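Read through the structure below, which is laid out as structure tokens, and then see the notes.
The values are calculated or read from the model by the stated rules, or taken from the named source; none is laboratory data. From a predicted model like this one, the values you see are computed outputs, not experimental measurements. In this analysis, Cβ positions are derived from the backbone assuming ideal geometry, glycine residues included, and neighbour counts consider all displayed protein chains. Areas reflect the complete protein model, heavy atoms only, side chains present, ligands, DNA and RNA absent. Shrake-Rupley method; radii C 1.70, N 1.55, O 1.52, S 1.80 Å.
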Amino acid sequence: MEELGQLPIAIIAVVILFFLFIFFYFVPVGLWIAARAAGVRIRIVSDLVGMRLRRVNPNVIVNGQVSATKAGLTVVTPDLEAHYLAGGNVLRVVNALIAADKAKIDLNFQRAAAIDLAGRDVLDAVQVSVNPRVITTTRISAVALDGVELIATVRITVRANINRLVGGAGEETILARVGEGIISAIGASETYEDVLENPDIISKTVLDRGLDAGTAYEILSIDIADVNVGKNIGAELQAEQAEADLVVAQAKAEERRAMAVARKQEMTANVQDRRARVVEAEASVPRAVAAAFREGNLTS
């Protein structure tokens, strides 16, 4: 009987624990207390419970608001929720706004959210805007006008352009354009020695082209890290051309020799044919004489 009496008590305890779990899940009292302690004005029912019902993680929203409030920024809850529901990184955007504010960069929430939703790392963009990044190209091969190959490695110092992050080209475009400019600059040099003596010719020529137009970066400087002399492409091409000309000449000589042999064989065949006709004609003389005797046309 005592066991039967204890069974309903255990069920009631489980039910109470279940309802407490549901209550504290939909009503995160601890999160509300932490927000209020940080100076964030937020309501339990309309804000925190509403976030649960709208399938928004209240921890992310509240933590973002706490960080912004402590940094002296004002970010409204609906904006954070809208960005979260759009698939954005709320904390990343808030941290970018804080970094931009400390660096005196004009960046509002709408632009930061648009940059984040465009697939770019907005916090990294702000950091690169403050501390320029150095991009090192791969080994770029180009040939001067004298036919000598030069292999160059270039360091590009870039700064992020916040206003062009949405719709602007990335680092790959910068590398491609700079590589094209280096090839063009070396290709316009009279000799490879001119480039080795004044490697800044390359950087000045490339910088003057405005290669950062339409990109998310601003090129601050282009520095030649290394220039090495490669193959003498011009000499190799001349040697290959000479070898090809020799093969053609040999083929033409062989053709002429074959034609000469053919003509000789033809002439030999003609001589033999004429000789055969003479022999045939000589052989027909006795038969003609004998026939004349038989017919009485020839007397002794």
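Kindly check whether there is at least one residue in the stretch 284-300 that is outside any helix (DSSP H, G or I) and either modelled with pLDDT of 75 or more or open to solvent by less than 100 Å² (accessible area, probe 1.4 Å) (or both). Among the residues of the stretch 284-300, at least one is outside any helix (DSSP H, G or I) and either modelled with pLDDT of 75 or more or open to solvent by less than 100 Å² (accessible area, probe 1.4 Å) (or both), which makes the answer yes. Summed over the stretch 46-80, residues that are over 22 Å from A112 (Cα atoms) and more than 40 Å from the chain's Cα centre (by Cα) total 9.
Scanning the stretch 57-80 for residues that are without any contact (Cβ under 8 Å) to a residue 24 or more places away in the chain and outside any loop (DSSP other than H, G, I, E, B) returns P78, L80.
Considered as a group, the residues in the stretch 175-232 that are under 20 Å from V148 (Cβ atoms) and in a loop (DSSP other than H, G, I, E, B) include one that is most open to solvent (accessible area, probe 1.4 Å), and that residue is E190.
The number of residues in the stretch 133-144 being of a type in the set (K, R) and surrounded by fewer than 16 Cβ atoms within 10 Å (Cβ to Cβ) comes to 1.
Got at least one residue in the stretch 133-147 being in a loop (DSSP other than H, G, I, E, B), β-branched (V, I, T) and within 23 Å of the chain's Cα centre (by Cα)? Yes - at least one qualifying residue is present in the stretch 133-147.
Condition check ((1) more than 24 Å from L207 (Cα to Cα); (2) touching an Asp or Glu at 6+ places or on another chain (Cβ under 8 Å); (3) open to solvent by 70 Å² or more (accessible area, probe 1.4 Å)) across all residues:
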site: H83; (1), (2), (3): yes, yes, no
site: L97; (1), (2), (3): yes, no, no
site: A100; (1), (2), (3): yes, yes, no
site: A114; (1), (2), (3): yes, no, no
site: R120; (1), (2), (3): yes, no, no
site: N131; (1), (2), (3): no, no, yes
site: A152; (1), (2), (3): no, yes, no
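Of all the criteria given as (1) modelled with pLDDT of 80 or more; (2) over 37 Å from the mean Cα position of the chain (by Cα); (3) not aliphatic (A, V, I, L, M), the one not satisfied by H83 is (2).
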